[in-house]
Amino acid sequence: MQKLLTIILVFACSFSSQAQDIYLHCGKLIDTKSGKVLTEKTIVVSGEKITKIQDGYISGKKDDTTIDLKNKTVMPGLIDMHVHLEGETNPKAYLQKYTDSEADLAFNAVGFAKKTLMAGFTTVRDLGGSGVNISLKKAIARGKIKGPRVFTAGKSLATTGGHADPTNGSKRSLIGDPGPKDGVVNSIEDAKKAVRQRYKNGADLIKITATGGVLSVAKSSSNPQFTVEEIKAICETAKDYGFHVAAHAHGDEGMQRAILGGVKTIEHGTLMSEKTMDLMKQHNAYLVPTITAGKEVTQKAAIEGYYPAIIVPKALEIGPKIQNTFKKAYDRGVGIAFGTDAGVFKHGQNGKEFGYMVEAGMPAMATLQSATITNAKILNMQDQLGQITPGFIADIIALNDDPTKKIDTMENVVFVMKEGKVYKK
């Protein structure tokens, strides 16, 4: 037995000594923590982790791999806090709700996930689908398909007829009376049960639709759709399971109820008042702007027949206002978490959001920090993601230009590493 153990140990040590490290030679390196752009650095990656950051261009052992990024700008993998990986905008989307099966959604989601990763987003928060998004998360984590690390809400929570009621727009024979299992809440008890069902299903967080929305087949884009008591029940129950709560909200009253109820992020925030902005600061809530989605729905609403008729006036009202609200909120000191609502526009174009944020007055470095260290903190991953630091997960991307000087370079990520594995080079 002793001899066998010795052989095993010798073999293990031999295997370990042959493990290859990766040396990334970086012309520029964005330090998201300090907000500085460093030059001529070497990142050493061992397995899934960053082990060293060294000055100059350092070489490893003979068996190690060196990747030349000397004419690139390197930074941590990006985090998008609002995507929908199960679907993507198209003029047949409302019909496909009735014709596509879960298998169809899953096959489409595989492609959308890969596009997202190749755009430099190594982590995303999926804020609502049918539940296929939970299986997608698992498949990516197990290495079966290529995609970002996914934190998912599973099915969003709504009230009857609310923005995420899955039967909106259906004929009477299909409407039925969906309840907590289906993500429809109409009481405090429903609220608690719906959260627990999401936990049982394998979700990582909770998404509620605190107000009406633009793309649902319903009249209002902004009316409040939960009581404060229902939202409190959702948030308190979510806390028991280690979840945070995200709230879709365009209308001001619904936002105030959501913040008082305990949500962590407000998605969109279109008609937000200064009073609500101050309330967000007081309760340490973040705004996820989704400016790109606002631009997209405004453009698509001008195409006859692209959206059902009931949606068009909502899109034309809400879409053009999101960017200006973001500017006011940022100027007033509201915390900003980067998020795009990808799926409302084409997946893989998430990087456009940076340009719109800068256009509205947010400094380029601050936008990069919102998509890295800020989002990592909200996800409770601040000691693993969002920085290129020894001990952190090796999620690393590279760009042709320095985004602090040329922000549109964020739309063309040329190198992607996730957990120490190169996916795009």
Computed E for D64/Q384 - FRET, C-beta separation, R0 25 angstrom, nearest 0.05
0.60
Counting other C-beta atoms within 10 Å, and keeping those with at most 12, which DSSP coil trypsin sites (Lys or Arg not before Pro) do you find in segment 139-224?
R142, K144, K171, K219
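Evaluate the charge dipole of the chain about its Cα centre and quote only its size in Debye, nearest 20, assuming +1 on the Cβ of each Lys and Arg and -1 on the Cβ of each Asp and Glu. Provide the component values of the computation, followed by the final result.
Values: 55 positive and 44 negative charges, 148 e Å.
Here the chain has a charge dipole of around 700 debye.
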For the pairs K377/K406; K352/K406; K405/K425; K192/K232; K36/K406; K146/K425, note any where the Cα-Cα span goes beyond 18 Å.
K377/K406; K405/K425
N71 and K405 label points (each 7 Å along its Cα→Cβ direction) are spaced in nm at 1.5 nm
Select from segment 44-107 those trypsin sites (Lys or Arg not before Pro) which occupy a DSSP coil region and have at most 15 other Cβ atoms within 10 Å, ordered by residue number.
K61, K62, K92
Convert each backbone phi in segment 124-130 into a coupling constant with the Karplus relation 6.51 cos²θ - 1.76 cosθ + 1.60 (shift: θ = phi - 60°), then list the ³J(HN,Hα) values in order as whole Hz, x for Gly and Pro.
9, 10, 8, 9, x, x, 8
Along principal axes, Cα extents of segment 157-202, largest first, whole Å:
30, 21, 16
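Could you sort 114-123, 82-91, 32-41, 407-416 so that the peptide with the highest average Cβ count within 10 Å comes first and the rest follow in order? Walk me through the numbers before you get to the answer.
On the way: 114-123: 24.9, 82-91: 21.6, 32-41: 14.7, 407-416: 19.1.
Ranked by mean Cβ neighbours within 10 Å, highest first: 114-123, 82-91, 407-416, 32-41.
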Alpha-carbon centroids, segment 97-166 and segment 211-227: separation in whole Å
22 Å
For K219, which lysines qualify as cross-link partners when the Cα separation must be under 23 Å and same-chain residues fewer than eight apart are set aside?
K92, K97, K155, K171, K207, K295, K300, K314, K321
Sorted by chain and number, the residues with a modelled amide H under 5 Å from that of K72, at a separation of 5 or more or across chains, are G27, K28
Across segment 100-105, in residue order, what do the Karplus-derived ³J(HN,Hα) couplings come to in whole Hz, using 6.51 cos²θ - 1.76 cosθ + 1.60 with θ = phi - 60° and x for Gly and Pro?
8, 8, 4, 5, 4, 4
Net dipole in debye of segment 171-270 [+1 Lys, Arg Cβ; -1 Asp, Glu Cβ; about Cα centre; nearest 20]:
300 debye
Extension gain, L316 back to L174 (0.36 nm per residue minus Cα-Cα distance, nm)
48.2 nm
Over the alpha-carbon set of the chain, work out the extent along each principal axis and list the three values in angstrom, largest first.
71, 57, 42
Can you compute the label reach from K424? Point 7 Å from Cα along the Cβ direction, backbone N cut-off under 18 Å, restricted to segment 144-170.
145-150
Per 5 Å bin, what percent of the C-alpha pairs of segment 30-185 does each bin hold, from zero upward?
2, 7, 13, 16, 14, 12, 10, 7, 6, 5, 4, 2, 1, 0
Label-point separation (nm) for K219 and Y98, each offset 7 Å from Cα along Cα-to-Cβ?
2.3 nm
Within segment 134-174: Cβ-based charge dipole about Cα centre, in debye rounded to nearest 20 (Lys, Arg +1; Asp, Glu -1)
320 debye
Ordered by residue, what ³J(HN,Hα) values in Hz, to whole numbers, does segment 176-181 give under the Karplus form 6.51 cos²θ - 1.76 cosθ + 1.60, where θ = phi - 60° and Gly and Pro are x?
x, 9, x, x, x, 4
Kindly provide the helix-only [θ] at 222 nm of the chain, computed as the sum of -39,500 (n - 2.57) over DSSP H runs of four or more divided by all residues, to the nearest 500 deg cm²/dmol?
-10000 deg cm²/dmol
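Would you work out what percent of the accessible area of the chain, with all protein chains in place, is carbon or sulfur (probe 1.4 Å)? Please report the intermediate quantities before stating the final value.
Details: 9630 of 18530 Å².
With neighbouring chains kept in place, the figure for the chain is 52 percent.
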Name the residue from L136, G161, I22 whose Cα lies farthest towards the positive end of the charge dipole of the chain, charges +1 on Cβ of Lys and Arg and -1 on Cβ of Asp and Glu.
I22
Rg/Rh (Cα only; Kirkwood hydrodynamic radius) as it applies to segment 171-272
0.97
Starting at 0 and stepping by 10 Å, how many percent of the alpha carbon pairs of segment 294-390 end up in each bin?
14, 38, 31, 13, 3, 0
When the Cα atoms of segment 89-156 are enclosed in a convex hull and the volume is divided per residue, what value in Å³ results?
84 Å³
Normalise the Debye intensity by I(0) for segment 359-425, one equal point scatterer per Cα, no solvent, then take log10 at q = 0.18 Å⁻¹ and round to two decimals.
-0.76
Quick one: helix 188-201 against the long Cα principal axis of the chain, what's the angle to the nearest 10°, folded into 0 to 90?
30 degrees
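The values are calculated or read from the model by the stated rules, or taken from the named source; none is laboratory data. The structure displayed is predicted, hence computed values, not measured ones. Methodologically, a virtual Cβ is constructed for each residue, glycine included, from the backbone with ideal geometry; neighbour enumeration extends over all protein chains shown. Heavy atoms of the whole protein, side chains included, go into the accessibility calculation; ligands, DNA and RNA do not. Shrake-Rupley method; radii C 1.70, N 1.55, O 1.52, S 1.80 Å.
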